[in-house]
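Input: a single structure, listed below in C-alpha cells.
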Amino acid sequence: MTMADSGSSEEVAVICNTDITSSESENNIINTMVERSTALLKKMEISVAEADKRTGKNTVNMQETYTVYLIETRPAESVSEGGTPAAPDTLWRRYSEFELLRTYLLVTYPYIIIPPLPEKRAEFVWHKLSADNLDPDFVERRRVGLENFLLRVASHPVLSNDNIFFLFLTEEKGWREAVLETGFQDKVDSRLKSLSASFRVKNPDKRFTSLKNYSDNLSTVISQLLRIRARVADRLYGVYKVHANYGRVFSEWSAIEKEMGDGLQSAGHHMDTYAASIDDILEEEEHYADQLKEYLFYTDAVRSVCRKHELIQYELEMAAQDLSYKKQQKEEMETGTVRIFSFKGMTSKLFGQETQEQRESKVAALEQSIQEGENALKEKNAETQEFVEKAWSDIERFKEQKDRDLREALISYAIMQISMCKKGIQVWSNAKECFNKM
C-alpha cells in the first residue's frame, strides 16, 4: 500500500497553517494539503470561520446546549492590489448536519473513500486535556476538522460536483429537505446484510481482501501511536512543570545572596519560562494528533468500500447460483430425471408423473425465467465490474493522498520535537550565562 512520491505540480491550498512559537520558519505546521484541481475550488473559497454555542429545544422538546459552525464561501477570483475582497456568503450548520451530508455521500458514492468527520467526542486524550465536547479548545479543533472535511470533499474529482454538497454550502434553509428527497435512506445497506455477505461470499477479490487487511492493520498502528503520544504528553507535562521548582528555589536562594542574587534571580525566571512553555507545545501537538486521527477514521471509510464490494460480489454469486438452479430444473423437466433428492421427485412417486402438456408449460415458464436470470446476471456482472473500476481508481488516488499527508505530518512532528529540544538547550544556555555573571 505504499506509493512513490507524487510529482504533481498542481496548485495546493493550505488548511489551518499554524506556527510553533519559534524564529525558525521551517517549523511551520501544515495541517492538511488539498489540491485545488476541481472546478468547485477554482471558483469558490470555502472555510468554517467560527463556532458558536447555542441553547434550544431538541426533538423531544428538552432544553439542550449545542455548537453551530459558520460556513463561509466567496468567489475565488483574485482581488486586485489594494482592492477589497467580496463579502462572503455565510450560513450556520450543526455537527449533525455534517453527519447527514456524509451519510448521504457514503450511500450515493459507495465506491469512493468518503473523507471522515472529526471526532464527535475527544479520544486519546491526556489528563490535562478536556474530554468535554463543549470545551472551547475541543470545539476549535473540531472547527478545523470540519473545514478540512469540506475541503477534502470539494477537492475530490467526483464528490465536488454533487449538487447536494453544493446546496449544503450555499442554502441554509431547505437543504435537509433536499437531501431527504433524494431517497438515499432507502438505499442504506443493513449491517446484518453486509455481515452476511462478508462470511458467505465464495470468491472474494484478493485486492479488496488485502486492502481490508491493510486498513485493519493501519488502524491498529495509528491507535497505538495516539496512545503512546498521550502517555508521552502526560509525562512531558510533568517534567516541564516541575522545572518551575527550580525557578522557586533560585528565587528563594537569591534573597539570601548579595553578589550572586541577580544571577540566581535571572536563572529562576528562565526556568519559569521553560515550565510555562509546555502548554503551547502540547496545544500544537494536538494538531498533529488530529491529523493522525483523520487517517484513523479514514480506515473505516476504506473498509466501507470493501464491505460494499463484498455485498455486490455476494449478490453476483447468488444471481449465478439462482440461474444454475433454474437450468438444472429445466434439464430435469425435459429428461424426466432428478439428480438430487427433491420434493418434486417425491410428489412424482406419490401422485404420478405430470402430463406432457403440463411439463411443456413448466419448461416454457422456466425458459422465460432463465432468460430473465441471464439478463439479471449480465447486469450484475456489469455492475460489479463498474464498481471495481471506479473503486480502484479512487483507492489509487487515496493512496497518493495518504502517503503524502502522513509523510508531511511525521516530518513536521519531528521538526517540532527538534524545535522543542532546541528551546530547552537555549533555556539552560541562558541559565549558564546567568551563573557565569555571578
### Summary
Reported set for segment 402-416 where residues are open to solvent by less than 70 Å² (accessible area, probe 1.4 Å) and out of contact with any helix residue (DSSP H, G or I) (no Cβ under 9 Å at 6 or more places or on another chain) is D403, R404, A414
### Pairs with Cβ under 6 Å, 6+ apart, first in segment 402-430 and more than 23 Å from H243 (Cα to Cα), second modelled with pLDDT of 90 or more and surrounded by 13 or more Cβ atoms within 10 Å (Cβ to Cβ)
A409/Q291
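Yes/no matrix, rows are residues, columns are (1) within 23 Å of Q291 (Cβ to Cβ); (2) modelled with pLDDT of 90 or more; (3) open to solvent by 20 Å² or more (accessible area, probe 1.4 Å):
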site: T108; (1), (2), (3): no, yes, yes
site: I113; (1), (2), (3): yes, yes, no
site: P116; (1), (2), (3): yes, yes, no
site: D137; (1), (2), (3): yes, no, yes
site: L151; (1), (2), (3): yes, yes, no
site: S155; (1), (2), (3): yes, yes, yes
site: D189; (1), (2), (3): no, no, yes
### Query
Taking W428 and the conditions (1) over 30 Å from H269 (Cβ atoms); (2) open to solvent by 80 Å² or more (accessible area, probe 1.4 Å), which numbered condition does it fall short on, given that it satisfies the others?
(1)
### Query
From the list S6, S78, S22, S37, which residue is surrounded by 10 or more Cβ atoms within 10 Å (Cβ to Cβ), among the hydroxyl-bearing types (S, T, Y) and modelled with pLDDT of 55 or more?
S37
### Task
List every residue pair whose Cβ atoms sit under 6 Å apart, with the two residues 6 or more apart in sequence or on different chains, where the first one lies in segment 169-180 and is part of a helix (DSSP H, G or I) and the second, anywhere, is modelled with pLDDT of 90 or more and surrounded by 14 or more Cβ atoms within 10 Å (Cβ to Cβ).
L169/T73; W175/L167; W175/F168; A178/L167; V179/Y104; V179/I164
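Which residue, of D394, D405, is touching a strand residue (DSSP E or B) at 6+ places or on another chain (Cβ under 7 Å) and in a helix (DSSP H, G or I)?
D405
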### Message
Checking the condition farther than 30 Å from K399 by Cβ, part of a loop (DSSP other than H, G, I, E, B) and at pLDDT below 90, which residue from E283, E259 passes?
### Response
E259
### Query
Only one of (1) over 26 Å from the mean Cα position of the chain (by Cα); (2) open to solvent by less than 20 Å² (accessible area, probe 1.4 Å); (3) of a type in the set (S, T, N, Q) fails for T384. Which number is that?
(1)
### Matching residues, segment 40-59, being open to solvent by 70 Å² or more (accessible area, probe 1.4 Å), closer than 22 Å to R143 by Cβ and at pLDDT below 90
K53, R54, T55
### Message
When you check V249 against the structure, is it of a type outside the set (S, T, Y), in the same structural domain as D205 (by TED's automatic domain parsing), modelled with pLDDT of 90 or more and closer than 30 Å to V221 by Cα, yes or no?
### Response
no
### Task
From the list E315, E367, E372, E310, pick out the single residue that is assigned by TED's automatic domain parsing to the domain that holds P204, open to solvent by 40 Å² or more (accessible area, probe 1.4 Å), under 30 Å from L106 (Cα atoms) and at pLDDT 80 or above.
E315
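The values are calculated or read from the model by the stated rules, or taken from the named source; none is laboratory data. It should be emphasised that the depicted structure is a prediction, and the values quoted were computed from it without experimental measurement. Quick reminder, even Gly has a Cβ in these numbers, built from the backbone with ideal geometry, and neighbours come from all protein chains shown. Just the protein is used for accessible areas: all its heavy atoms, side chains included, with ligands, DNA and RNA removed. Shrake-Rupley method; radii C 1.70, N 1.55, O 1.52, S 1.80 Å.
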